[in-house]
Each structure stands twice: as C-alpha cells, then as structure tokens.
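Written below as structure tokens is the structure these notes are about.
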Amino acid sequence: MRSDWRFLDEIHDFRKLPKDNIPEVIFWGRSNVGKSSLINAVTKSKIAKTSKSPGRTRSLIFFQLEKKLRLVDFPGYGYSKIPKINEYKLDKLIDEYLRKRVNITKFFLLIDSRHGFKDLDNFIIKQLDIYFQNKIFLIFTKTDRLKNSKERQLLHDLNKRADENFNKKFFNTSIKEVNTIILLKNFLMDSL
Ligand SMILES: Nc1nc2c(ncn2[C@@H]2O[C@H](COP(=O)(O)OP(=O)(O)OP(=O)(O)O)[C@@H](O)[C@H]2O)c(=O)[nH]1
Ligand SMILES: [Mg+2]
C-alpha cells in the first residue's frame with residue numbers, strides 16, 4: 001500500500017507553526033531512543049532522518065497524512081554535547097509549543113527498553129502529566145535488542161511501572177518486528 005505521509009515542515013520558530021488545527025501526535029524521549037526511526041516505521045517510509053549518533057533532530061519536524069493527521073518528531077533530550085545557545089532557543093520553542101498548541105492529541109514518550117526510566121524521563125513525565133495526563137502513552141523501544149530472559153524481565157518490570165506507577169497505557173516496539181509496529185499504528189490511526 002502506498003504511504004500518503006509526507007514531510008511538511010521543519011520549525012525553529014513558534015510563529016512559523018502550521019496555522020490549521022489538524023491533530024498533532026508528538027514523539028518525544030531521550031536522544032537516540034528511536035523517535036525518528038519509529039516515525040518511519042509507522043508511516044512505512046523514510047521521511048524522518050535517523051542517525052547512529054545522538055542529537056540528530058534539533059527542531060520540530062512535522063509530517064502529515066493528507067489533511068487528517070500530523071506527527072511531530074521532537075528533538076531528543078539528555079544529550080549534552082550541543083552548544084548551549086542553540087539549546088536555549090530550542091527549549092523555548094518546545095516550552096511555548098507545549099503551553100500554547102491546542103491541537104495536540106497524543107503524546108508518545110519513548111523509553112529505551114534496555115535502559116529504562118532515567119531521572120530526566122521521570123521528571124518530564126511528571127511535568128507533562130500536569131497538562132496532558134490522558135494523552136500520554138509510553139513506548140519501550142528497541143525490544144529486539146533484549147537478548148536473554150534477564151533482559152526480558154527488565155522489560156516486564158518497566159511495563160509494570162508504566163501501568164502501576166505512571167498509570168499509562170504502553171507499547172513495546174521494535175522497528176524490526178512488524179507486529180509491534182502494526183499495534184502502534186492502529187492505535188495512532190484512532191486519532192483520526
Ligand atoms: N535494533 C534496533 N535499533 C533501533 C530501533 N529503533 C531505532 N534504532 C536505532 O537507534 C539509532 C537512533 O535512532 P533515531 O531514530 O535516529 O533516534 P532519535 O530518537 O530520533 O534520535 P535523536 O533525533 O538524536 O533524538 C539508529 O541507529 C536506529 O537505527 C529498534 O527498534 N531496534
Ligand atoms: Mg531523531
């Protein structure tokens with residue numbers, strides 16, 4: 001099936017955001033957690049730029065399905081090697097987007113299934129919860145990299161925490177396991 005997703009825009013300035021109210025779904029999480037890769041997987045395309053090294057996405061990048069739905073590829077957090085002056089501008093843009101954007105419908109927060117929740121993840125979930133409580137969903141990424149039963153147990157523990165501590169619906173994904181992507185995609189399409 002042909003994918004009708006396309007790159008829409010790369011935004012560095014709040015005033016340049018798309019003016020319409022098409023629903024927006026955000027992908028956020030630490031640098032290198034797999035946000036851009038997951039966007040490519042669910043859109044069955046290569047519209048998002050991915051990289052082996054962290055800090056690839058440094059703006060808000062919008063992808064759009066017809067006039068129905070947008071995905072927003074967020075810059076990763078927790079990567080310290082980026083000049084502070086650039087990061088200040090980016091933080092301001094993210095802050096303003098989160099405070100003022102009215103058409104945010106879902107918020108996917110990605111956690112690397114091998115590394116679990118870090119302090120910054122916990123902090124961000126808590127902050128987002130204030131405004132977006134029912135719109136936040138957790139995604140544990142790169143599950144193909146869990147090699148033994150001990151590592152699978154860690155994922156089980158993370159799932160339990162997502163449910164019991166954070167009270168969030170969650171997904172376990174691997175861009176190499178198509179069934180995990182289909183589940184996420186179906187859920188995403190419910191935003192339509
Ligand atoms: N094995 C495996 N590797 C993955 C998976 N998802 C992403 N990766 C790899 O992880 C690396 C980072 O992926 P990106 O999608 O660029 O990560 P990102 O979160 O967009 O990173 P930033 O834009 O820097 O914040 C790349 O080398 C991907 O190929 C997965 O499900 N399994
Ligand atoms: Mg990226």
Q) Filter segment 159-192 for residues that are in a loop (DSSP other than H, G, I, E, B) and of a type in the set (Asp, Glu); which is farthest from ligand 2 (Cβ to nearest atom)? A) ASP190
Q: Hey, can you tell me all the residues within segment 169-185 that are surrounded by fewer than 17 Cβ atoms within 10 Å (Cβ to Cβ), over 19 Å from GLN64 (Cβ atoms) and of a type outside the set (Val, Ile, Thr)?
A: LYS169, LYS176, GLU177, ASN179, LEU183
Q. Taking segment 6-16 as the region of interest, how many residues are in contact with a Lys or Arg (Cβ under 8 Å, 6 or more places away or on another chain) and within 14 Å of ASP73 (Cβ to Cβ)?
A. 3
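Yes/no per residue for (1) hydrophobic (A, V, I, L, M, F, W, C); (2) under 16 Å from the mean Cα position of the chain (by Cα); (3) within 16 Å of ligand 2 (Cβ to nearest atom):
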residue: TYR77; (1), (2), (3): no, yes, yes
residue: LEU93; (1), (2), (3): yes, no, yes
residue: VAL102; (1), (2), (3): yes, no, no
residue: LYS106; (1), (2), (3): no, yes, no
residue: LEU128; (1), (2), (3): yes, yes, no
residue: ILE139; (1), (2), (3): yes, yes, yes
residue: ASP144; (1), (2), (3): no, no, no
residue: LYS147; (1), (2), (3): no, no, no
Q) Within segment 52-67, is even one residue more than 16 Å from ligand 2 (Cβ to nearest atom) and crowded, with 16+ Cβ neighbours inside 10 Å? A) yes
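Per-residue answers, yes or no, for (1) of a type in the set (Lys, Arg); (2) touching a Pro at 6+ places or on another chain (Cβ under 6 Å); (3) within 15 Å of ligand 1 (Cβ to nearest atom):
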residue	(1), (2), (3)
PRO18	no, no, no
GLU24	no, no, no
ALA48	no, no, yes
LYS52	yes, no, yes
LEU65	no, no, no
LYS68	yes, no, no
LEU71	no, no, yes
Q) Could you count how many residues in segment 130-150 are assigned to a helix (DSSP H, G or I) and either surrounded by fewer than 11 Cβ atoms within 10 Å (Cβ to Cβ) or touching a Ser or Thr at 6+ places or on another chain (Cβ under 8 Å) (or both)? A) 7
Q: Note down all Cβ pairs under 6 Å where the first residue falls in segment 154-174 and is within 16 Å of ligand 1 (Cβ to nearest atom), the second is of a type in the set (Gly, Ala, Ser), and they're at least six residues apart or on different chains.
A: LEU155/SER113; LEU158/GLY116; PHE170/ALA162
Q: Kindly indicate which of ASP73, ASP9 is touching a helix residue (DSSP H, G or I) at 6+ places or on another chain (Cβ under 7 Å), at pLDDT 95 or above and charged (D, E, K, R).
A: ASP73
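The values are calculated or read from the model by the stated rules, or taken from the named source; none is laboratory data. All of these numbers come straight from a predicted model, not from anything done at the bench. Glycine also receives a Cβ, built like all others from the backbone with ideal geometry; neighbour counts cover every protein chain displayed.
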